[in-house]
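The values are calculated or read from the model by the stated rules, or taken from the named source; none is laboratory data. Please read all numbers here as calculations on a predicted model, not as lab measurements. Because the Cβ atoms are built from the backbone with ideal geometry, glycine has one as well, and the counts that use them run over all protein chains shown.
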Amino acid sequence: DAGVIQSPRHEVTEMGQEVTLRCKPISGHNSLFWYRQTMMRGLELLIYFNNNVPIDDSGMPEDRFSAKMPNASFSTLKIQPSEPRDSAVYFCASSRLSSGGPYEQYFGPGTRLTVT
Amino acid sequence: GDSVTQMEGPVTLSEEAFLTINCTYTATGYPSLFWYVQYPGEGLQLLLKATKADDKGSNKGFEATYRKETTSFHLEKGSVQVSDSAVYFCALSDRGTDKLIFGTGTRLQVFP
């Protein structure tokens, strides 16, 4: 299995520009998570989906952030407009929620976003 | 709400030293417990897990025991290597969900 795939791996953009981060979860997994990691705030859960439906978006910092999961094999996290304080590493993770457990999450390599 | 508390880092050790990274949790139910490791420039990887009281998770020489009476899940390794240098995250998930609650992470630095 290829694991969780994220693109791009690095993104540098100017303040005010739109940024779109992409994620392909592991085939057969039905939950997908977006995290943000910074030195100041550590690892934060932004939003998670189950069966393509957003279940909890309470971690999304503000309306500039939006996430979609149009099908089981693809998700996007969009920031519009971007600001310097959005600079961070963004991780996507997936898991398979079914009867039983525990439900390990498998993380992608991350997208390092720099907003200048 | 549920939470995980880890010891502050960095933890600095010489090669072959004994490692303990403390983790305690607060949960209303009976959570599953995890240790994840993050090597420089990479995403988090599952290191080990335990699903019920007194379970011991182990992998790559690391061990952790689920202690319900002390609500703890401390990570241990008898002899660390330079290659173990990484950030270690303790996490829990409540029964029936796959949402994880992570601790703040503990950086381990091992010197030759």
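Those strands (runs of 3 or more DSSP E) of the stretch B:1-82 in which 1 or more residues are of a type in the set (Val, Ile, Thr) and under 17 Å from B:Thr106 (Cβ atoms) occupy B:3-6, B:11-14, B:19-21, B:23-26, B:32-38. Summed over the stretch A:35-60, the residues that are outside any loop (DSSP other than H, G, I, E, B), over 25 Å from B:Glu8 (Cα atoms) and of a type outside the set (D, E, K, R) give a count of 7. When the stretch A:82-116 is filtered for residues that are facing chain B (nearest Cβ under 7 Å), over 11 Å from B:Leu44 (Cβ atoms) and modelled with pLDDT under 85, the ones remaining, listed by number, are A:Leu97, A:Gly101, A:Pro102, A:Tyr103. More than 10 Å from chain A (Cβ to nearest Cβ), in contact (Cβ under 8 Å) with a residue 40 or more places away in the chain and over 9 Å from the mean Cα position of the chain (by Cα), is that true of B:Thr65? Judged against the criteria, B:Thr65 is not a match. Among the conditions (1) in contact (Cβ under 8 Å) with a residue 24 or more places away in the chain; (2) within 25 Å of A:Arg96 (Cα to Cα), B:Thr51 misses just one, which is (1).
Going by the structure shown, is A:Phe65 modelled with pLDDT of 95 or more and away from chain B (no Cβ under 11 Å)? In short, yes.
Of the residues that sit in the stretch B:23-57 and are surrounded by fewer than 15 Cβ atoms within 10 Å (Cβ to Cβ) and more than 13 Å from chain A (Cβ to nearest Cβ), which one is farthest from the chain's Cα centre (by Cα)? The residue in question is B:Thr28. In the condition set (1) in contact with a His (Cβ under 9 Å, 6 or more places away or on another chain); (2) under 18 Å from A:Gly110 (Cβ atoms); (3) not polar (S, T, N, Q), A:Met39 is compliant with all but (1). Any residue at all in the stretch A:10-22 that's surrounded by 13 or more Cβ atoms within 10 Å (Cβ to Cβ), in contact (Cβ under 8 Å) with a residue 60 or more places away in the chain and either within 14 Å of chain B (Cβ to nearest Cβ) or closer than 23 Å to B:Ser32 by Cα (or both)? For the stretch A:10-22, residues surrounded by 13 or more Cβ atoms within 10 Å (Cβ to Cβ), in contact (Cβ under 8 Å) with a residue 60 or more places away in the chain and either within 14 Å of chain B (Cβ to nearest Cβ) or closer than 23 Å to B:Ser32 by Cα (or both): present. In the set (1) modelled with pLDDT of 95 or more; (2) out of contact with any strand residue (DSSP E or B) (no Cβ under 7 Å at 6 or more places or on another chain); (3) exposed (fewer than 14 other Cβ atoms within 10 Å of the Cβ); (4) of a type in the set (A, V, I, L, M), B:Ala17 fails one condition alone, (3). A residue that is facing chain A (nearest Cβ under 10 Å) and either more than 20 Å from A:Phe33 (Cα to Cα) or out of contact with any Gly (no Cβ under 7 Å at 6 or more places or on another chain) (or both) cannot be found anywhere in the stretch B:71-81. Residues of the stretch A:52-71 include at least one that is free of Cβ contacts under 8 Å to residues at least 60 places away in the same chain, under 11 Å from the mean Cα position of the chain (by Cα) and over 22 Å from A:Arg9 (Cβ atoms).
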